[in-house]
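Below is one structure, written out as structure tokens; the observations come after it.
Derivation of every value follows stated rules applied to the coordinates shown; laboratory data play no part. This is a predicted model, so every value here is computed, not measured. Neighbour counts run over all protein chains shown; Cβ positions are idealised from the backbone, glycine included.
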Amino acid sequence: MAQLLYYQCKKLMPEGPSILILHEVLKPFKGKKVISASGYAKIDYKRLKGKTITDLKTWGKHTLICFKDFTVRIHLLMFGSYLVNKTKKINPKLSLHFTKDDVNFYMSDVKFIDEPLDDIYDWSADIMNKKWSAAKAKKKLSEHPKMMVCDALLDQDIFAGSGNIIKNETLFRSRIHPESLVSSLPPAKLSALLKEVSKYAFDFLKWKKEGTLGKHFQAYEQKECPRCRIPLHKRLTGKGKRQSYFCENCQAKYSSKLKAQG
DNA sequence: GTGAATGTTAACAG
DNA sequence: CCTGTTAACATTCA
């Protein structure tokens, strides 16, 4: 655990790939006993005292610290962060104290899960899980024909782990306008999208580890289309009103009227 | 100093 | 009851 004595992560970008990095940081604590826990999360800290971590899992943006009969779920939300064997000036939301190490989570949503994880998580929805299923995502999309793809790519029940960066980069790379309707996508386009979202998430992970994530943005926070060399549009899109960066020229908008109502 | 944002949900209004 | 808006979150940065 020596390499974890000092671990700092400033810009988290807490989408699925960053949570996998956190998972790697926490992995050495599997089998370790929590001596005590503290923080300002409104949870029963006594419950963690003396308990051994049986497993560490992730589902989308959820970090899951498993114990024999329950799980601690941590969500970094927008601004969450974590430190191992180091503290910030602000109080941690949750600190886990081990014999030799401390793990601190800041500005996170922390809660206990009492149900078996398999009962509440659809692992096939996680775009970075081994069980990720494009076929199941396709089926879920077919149940929401009027949904815009920009909203679909942020829907955690369909694409768990995808966030606004993954949304924008996936749409740019598969050349789909964010306001396209899911039911209007030609089958080949839909397949390309389903493939790209998972592929880009793993590229994100690789680039994040290298520290080159931003250098590889093609649309997110970009001013100009790298293909057309014309200005990119930046606008809030979809029901979720989240920022989209897109090229009107090379990202086709599929929004032909739905036959009857799909 | 200001504003915007990688995300989610409770609370509230209509 | 359903839908949409707002605020909140010991943040960080351009």
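Explain nothing, just the number: dipole magnitude of chain A about its Cα centre with +1 on each Lys and Arg Cβ and -1 on each Asp and Glu Cβ, in debye rounded to the nearest 20. Write out the running numbers ahead of the final one.
Values: 49 positive and 26 negative charges, 87 e Å.
In total the dipole reaches around 420 debye.
By counting other Cβ atoms within 10 Å of each Cβ, how are A:Lys51, A:Lys33 ranked from fewest to most?
Result, fewest neighbours first: A:Lys33, A:Lys51.
Between segment A:159-224 and segment A:37-77, how many Å separate their Cα centres?
Between the Cα centres of segment A:159-224 and segment A:37-77 lies a distance of 31 Å.
Tell me, A:Met128, A:Met78, A:Met147 in order of fewest to most beta-carbon neighbours within 10 Å?
Listing A:Met128, A:Met78, A:Met147 from fewest to most nearby Cβ atoms yields A:Met78, A:Met147, A:Met128.
Which three extents, in angstrom, do the Cα atoms of chain A have along their principal axes, listed largest first?
If we take the Cα atoms of chain A, the spans are 60, 38, 28 Å.
Which angle between 0 and 90 degrees, to the nearest 10, do you get for helix A:187-210 versus the longest principal axis of chain A when only C-alpha atoms count?
With both axes taken from Cα atoms, the answer is about 40 degrees.
Taking Rh as the Kirkwood radius, which is the inverse of the mean 1/r over Cα pairs, what is the Rg/Rh value for segment A:1-128?
That ratio equals 0.92.
Report, in degrees rounded to the nearest 10, the 0 to 90 angle that the Cα long axis of helix A:164-173 makes with the longest principal axis of chain A.
Helix A:164-173 and the main axis of chain A meet at about 40 degrees.
May I ask you to list the lysines whose Cα is less than 21 Å away from that of A:Lys209, ignoring any residue fewer than eight positions away on the same chain?
Candidates past the 8-residue exclusion: A:Lys10, A:Lys11, A:Lys27, A:Lys57, A:Lys61, A:Lys86, A:Lys130, A:Lys167, A:Lys199.
Dipole magnitude of segment A:188-237 about its Cα centre, charges +1 at Lys/Arg Cβ and -1 at Asp/Glu Cβ only, in debye to the nearest 20?
60
What do you get for GluC sites (Glu not before Pro) in segment A:144-245 restricted to DSSP loop and a cutoff of at most 12 other Cβ within 10 Å of the site's Cβ? Working shown, then result.
On the way: sites: A:Glu169, A:Glu179, A:Glu196, A:Glu210, A:Glu221, A:Glu224; in loops: A:Glu179, A:Glu221.
Here the sparse-neighbourhood loop sites are A:Glu221.
In straight Cα distance, which aspartates and glutamates are under 15 Å from A:Lys215, not counting same-chain residues fewer than 8 positions off?
List returned: A:Glu169, A:Asp203, A:Glu224.
Along segment A:237-251, what does the Karplus equation 6.51 cos²θ - 1.76 cosθ + 1.60 (θ = phi - 60°) give for ³J(HN,Hα), rounded to whole Hz, x for Gly and Pro?
Per residue, the Karplus-derived 3J(HN,Hα) values read 10, x, 4, x, 6, 9, 5, 10, 10, 7, 9, 5, 7, 9, 10 Hz.
Any chance you could give the angle, 0 to 90 degrees and rounded to 10, that helix A:16-26 forms with the longest Cα principal axis of chain A?
On a 0 to 90 degree scale, this one is about 20.
Which of the chymotrypsin sites (Phe, Trp or Tyr not before Pro) found in segment A:64-109 are in a DSSP loop and have at most 12 neighbouring Cβ atoms, other than their own, within 10 Å?
A:Phe79
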